[in-house]
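One structure below.
The values are calculated or read from the model by the stated rules, or taken from the named source; none is laboratory data. Just so it is clear, the structure is predicted and the values come from calculations on it, not from any experiment. Methodologically, a virtual Cβ is constructed for each residue, glycine included, from the backbone with ideal geometry; neighbour enumeration extends over all protein chains shown. The protein model used for the area step is the full one, side chains on, heavy atoms only, and it has no ligands, DNA or RNA in it. Shrake-Rupley method; radii C 1.70, N 1.55, O 1.52, S 1.80 Å.
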Amino acid sequence: GTLAQLTALTSPKFTAMASFAGKCNALTPTDPKLVRFDTSNIAEYRMRSSQAYVKSFKCPVRLYYGDQETWIIEQTRTTVERGQDAGIDIVAAAVPGDHMSAVPESIRRSIEFFKTLEKK
């Protein structure tokens, strides 16, 4: 999810982007075993945070996450608010489930979203 967000910030080649439980703010606590960068350098976190560059999204964005993933709610809301304030087509949606069980519904909704773009 995070990589999809970062890609949509940098490349104009995508018609739209949907991410599933992607971090919008890398400063959110993470299992230290999963961190592969210099944690003493704040710039390392910033460059991995779509929230810091939300005005740079190059396509419509949908951020799906499980309603049991409480750790992601605030950072996602903040990202969406900043993006919408900047005129970006960005929407977040909680779907039933946790990090894994929310994936099938997130896929279904993202396909619906992509199909709406085909009609335009």
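Among the candidates ILE107, ILE72, ILE111, the residue that is β-branched (Val, Ile, Thr) and either under 11 Å from CYS24 (Cβ atoms) or under 13 Å from the mean Cα position of the chain (by Cα) (or both) is uniquely ILE72. Residues of the stretch 98-113 include none that is β-branched (Val, Ile, Thr), exposed (fewer than 13 other Cβ atoms within 10 Å of the Cβ) and at pLDDT below 95. ALA94 satisfies every condition listed in (1) open to solvent by 50 Å² or more (accessible area, probe 1.4 Å); (2) in contact with a strand residue (DSSP E or B) (Cβ under 7 Å, 6 or more places away or on another chain); (3) outside any loop (DSSP other than H, G, I, E, B) except (1).
Applying the criterion of being in contact with a strand residue (DSSP E or B) (Cβ under 8 Å, 6 or more places away or on another chain) and in a helix (DSSP H, G or I) to the residues of the stretch 7-50, the residue that is least open to solvent (accessible area, probe 1.4 Å) is ALA8. The set of residues in the stretch 55-86 being open to solvent by 10 Å² or more (accessible area, probe 1.4 Å), in a helix (DSSP H, G or I) and hydrophobic (A, V, I, L, M, F, W, C) consists of TRP71, ILE73, VAL80. In summary, GLU44 fulfils each of the numbered conditions (1) modelled with pLDDT of 90 or more; (2) in contact with an Asp or Glu (Cβ under 7 Å, 6 or more places away or on another chain) with the single exception of condition (1).
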